Amino acid sequence: MNIEVLELDTLSKNKLETKNLVNELVSANKLLLAQNTALALENKELGIIASIFHSQEGMLITDANLSIVQVNQSFTDITGYLLEEVIDKKPNILNSGRHDQAFYKQMWQSLNYHGKWEGKIWNRRKNGEVYSQYLSIAVVTDALGNITNYVATINDITKGRATKEKIANLSYYDPLTQLPNRRLFLDRLVQEIDAMSGNGRRAALLLIDLDRFKNLNDTLGHHLGDLLIEQLATRLVPCTRKKDLVARFGGDEFFIFLTNLTGTEIECASKAQEFATKVMATFDTPFQLDDHHFSMTASIGVTILGGDETSTDMVLRQADIAMYQAKANGRNRICFFEEKMQDDISQYVQLERELSNAIALSQFELFYQVQVDDKQKPLGAEALIRWNHPARGLVAPGYFIEIAEETGLIVPIGQWVLEAACKQLKAWEAIPQMRGLTLAVNISSKQFHQEDFVSHVKYIVKQHGIHPALLKLELTETAFFQNIETLISSMNKLNGIGIQFELDDFGTGYSSLQYLKRLPLEQLKIDQSFVREIEYNENDNQIVRTIISMTQNLDLKVIAEGVETENQMQILLDGGCHRFQGYYFGKPLPVAEFEASIANSGI
Ligand code: C2E
Ligand code: MG
Ligand code: MG
């Protein structure tokens with residue numbers, strides 16, 4: 001503590017030895033302070049004390065009657081009170097009112113018996129603000145043991161009472177992972193890049209960003225999010241060599257700088273690729289977050305540095321662009337920076353701008369993909385949005401739904417889809433072979449969790465006069481990430497008017513059986529990723545069978561999507577799934593073609 005250091009300098013050690021007044025009373029920590037105070041008090045040199053006490057800690061000295069006789073500048077800084085405002089007053093002017101009598105009783109007992117007290121206490125500043133402080137009080141006595149003064153030192157906890165060492169550490173290291181932080185990493189990166197110029201060596205910069213990390217924080221809480229970050233750090237470090245730099249830039253971003261790569265650019269790139277693959281493999285084992293086994297993936301952006309006129313800003317940006325590309329390509333992958341990526345980024349910005357005008361310009365259209373039963377009889381369709389882009393042609397939702405979600409445009413787009421779907425259902429009422437077909441609409445969780453979603457759906461259903469049982473809302477497991485009680489209550493309200501719910505892409509999320517039992521779901525949709533390889537991949541086959549038997553236990557219907565071959569259908573049928581959707585039965589079609597296909601199916 002710097003108080004002690006200061007005081008040692010200002011006192012003669014001889015004096016200390018002779019004026020050994022308070023040895024038995026104060027803890028080792030406060031010893032010098034109290035001794036010093038006692039000496040000065042004896043000399044009635046309170047002014048000197050104040051100058052001695054120009055420490056970070058606030059100091060207050062009272063006489064034996066608890067009247068304040070001196071405070072230092074830090075006391076004024078912390079409490080807002082000047083010396084003249086508190087002199088002769090009692091320290092209880094600082095009371096916050098947060099502690100009961102028992103608290104003060106215990107404090108006095110300690111002062112009376114042990115000559116000291118220390119602990120955390122809530123006090124009130126002059127401006128009324130209540131704050132937490134760490135308070136140490138030492139009793140000062142004269143040679144006869146009579147109390148002469150009380151000396152209090154206060155530390156404003158709310159302002160942080162980190163030692164200098166800790167502050168220095170914090171400014172260079174990430175407190176959660178103990179890895180270098182952005183600042184230290186950038187310092188070193190500059191040095192590394194400088195050292196590289198002209199030595200013919202190359203290096204690689206990797207940016208590792210977790211996929212949908214926010215979902216983990218939102219569902220399981222920040223504490224578990226932090227745990228994952230900590231565990232990841234301990235997995236990443238062993239992948240690196242001693243000379244490499246690893247850092248956490250905050251959030252879920254880690255940077256790794258691989259130094260001293262030798263060989264041609266391609267050879268270095270392949271080394272970096274090999275390393276990035278090793279990093280990816282560390283995600284193969286789920287993270288153990290308290291009671292949860294949690295699987296996580298990451299997107300990695302990589303850029304290769306050739307040495308010549310490279311700036312840190314530029315390489316960081318390149319890694320960022322490459323990582324972004326990895327996300328755009330579907331996450332859980334590695335992407336290298338190339339010139340082309342820059343163009344892709346500007347395209348993204350343009351797409352976002354155009355998307356915001358697409359509704360007003362009537363550029364959206366719904367396609368319909370048939371859903372059939374085990375006799376291949378059409379039961380209904382899924383409405384799938386398409387964007388008729390003036391320059392790009394027909395754009396599939398894979399290219400814009402995510403942007404729409406990120407920008408919030410999904411809300412008006414989703415409303416447009418619902419409206420269009422209800423209009424279509426109404427129109428089909430007038431066509432005998434279309435009447436009675438159900439229509440499934442995809443609802444993004446952001447849309448579902450809008451406050452007025454329930455009333456909006458009810459309004460549209462009523463406005464178009466459709467049969468609510470023909471409207472199915474497809475939710476994905478991401479909808480569970482927010483308040484589950486609100487979700488259930490909203491689903492129940494809509495279910496109450498006859499609207500059905502199904503869970504899309506089942507098997508890819510984090511569904512808990514507990515939730516499934518509580519949600520008013522009619523049907524689960526087995527994700528197409530399991531259907532795709534059901535013939536060859538025993539694992540997928542097993543998952544599909546498990547999902548089907550689970551739906552039977554939960555009394556839910558089940559449909560498989562992405563069915564492309566007769567064989568896939570047969571395997572699903574054998575497993576107990578009797579409803580299908582996929583190219584084998586029909587691709588998503590514009591409404592006229594869809595109607596014609598139903599008419600041709602002869603039902
Ligand atoms: P999804 O809801 O899981 O829809 C199924 C996707 O699989 C559709 O892609 C469909 O064209 C495709 N598909 C169907 N059968 C097969 C098949 O046999 N093989 C293969 N390979 N693919 C098949 P699409 O139309 O590109 O839609 C992709 C996703 O975009 C949808 O996945 C859905 O999540 C989202 N989406 C589509 N329309 C909307 C919408 O109106 N609102 C929202 N929020 N999302 C939508
Ligand atoms: Mg769907
Ligand atoms: Mg799906």
For the range 170-267 the trypsin sites (Lys or Arg not before Pro) that pass both the DSSP coil test and the at-most-10 other-Cβ-within-10 Å test are 241, 242, 243
Tell me, what % of the accessible area of the chain is carbon and sulfur with a 1.4 angstrom probe? 50 percent
Rounded to two decimals, what ratio of Rg to Rh does the range 355-600 give with C-alpha atoms and a Kirkwood Rh? 0.95
Radius of gyration and Dmax over the Cα atoms of the range 90-225, both given in Å: 25.3, 79
Between residue 195 and residue 92, with labels modelled 7 Å along Cα→Cβ, what's the label distance in nm to one decimal, could you check? 6.5 nm
Residues in the range 58-96 reached by a label modelled at residue 146 [backbone nitrogen below 13 Å; 7 Å Cα→Cβ]: 64-65
Regression test value, accessible area per residue of the range 500-603, probe 1.4 Å, units Å², expected 49 Å²
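Regarding the chain, what whole-number volume in Å³ per residue does the convex hull of its Cα atoms give? Could the numbers behind the result be given before it?
Values: hull volume 143.8 nm³, N = 603.
Dividing the Cα hull volume of the chain by its residues yields 239 Å³.
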For the table 278/525; 214/462; 423/493; 423/446; 327/446, the rows whose alpha-carbon distance is greater than 31 Å are 278/525; 214/462
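Pop the C-beta distance of residue 266 and residue 237 into the FRET formula with R0 = 35 Å and round what comes out to the nearest 0.05. Show your work: numbers first, answer last.
Values: r = 28 Å, r/R0 = 0.79.
Given R0 = 35 Å and the Cβ-Cβ separation, E is 0.80.
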With a cut-off of 8 Å between alpha carbons and a minimum separation of six or more residues, what is the relative contact order of the chain in percent? 8 percent
Contact order normalised by length for the range 53-161, with contacts defined as Cα pairs under 8 Å and 6 or more residues apart; what percent is it? 27 percent
FRET efficiency (residue 599, residue 352; Cβ distance; R0 30 Å; to 0.05) is 0.15
The chain: calculated mean residue ellipticity at 222 nm from DSSP helix runs of at least 4, using -39500 (n - 2.57): -13500 deg cm²/dmol
Could I have the simple spin-label model distance between residue 333 and residue 426, label points 7 Å from Cα toward Cβ, reported in nm to one decimal? 4.2 nm
Which aspartates and glutamates have a Cα less than 14 Å from the Cα of residue 472, not counting those fewer than 8 places away in the same chain? 382, 419, 502, 504, 522
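Can you give the net charge of the other residues whose Cβ lies under 15 Å from the Cβ of residue 506, counting K and R as +1 and D and E as -1? Kindly include the intermediate steps, with their values, before the conclusion.
Numbers: positive: 472, 517, 525, 532, 545, 557, 579; negative: 382, 474, 477, 502, 504, 505, 522, 527, 540, 561.
Charge balance in the 15 Å sphere: -3.
Given 0.36 nm per residue, what is the gain on full extension from residue 132 to residue 396 after removing their alpha carbon distance, in nm? Numbers along the way, then the final one.
Numbers: separation 264, 0.36 × 264 = 95.04 nm, distance 5.63 nm.
My answer for the length gained is 89.4 nm.
The values are calculated or read from the model by the stated rules, or taken from the named source; none is laboratory data. This one's a predicted model, so the numbers in the text were calculated from it and none came from an experiment. Backbone-built Cβ (ideal geometry, glycine too); neighbour counts: all protein chains shown. Calculation scope for accessible area: heavy atoms of the full protein, side chains included, ligands and nucleic acids excluded. Shrake-Rupley method; radii C 1.70, N 1.55, O 1.52, S 1.80 Å.
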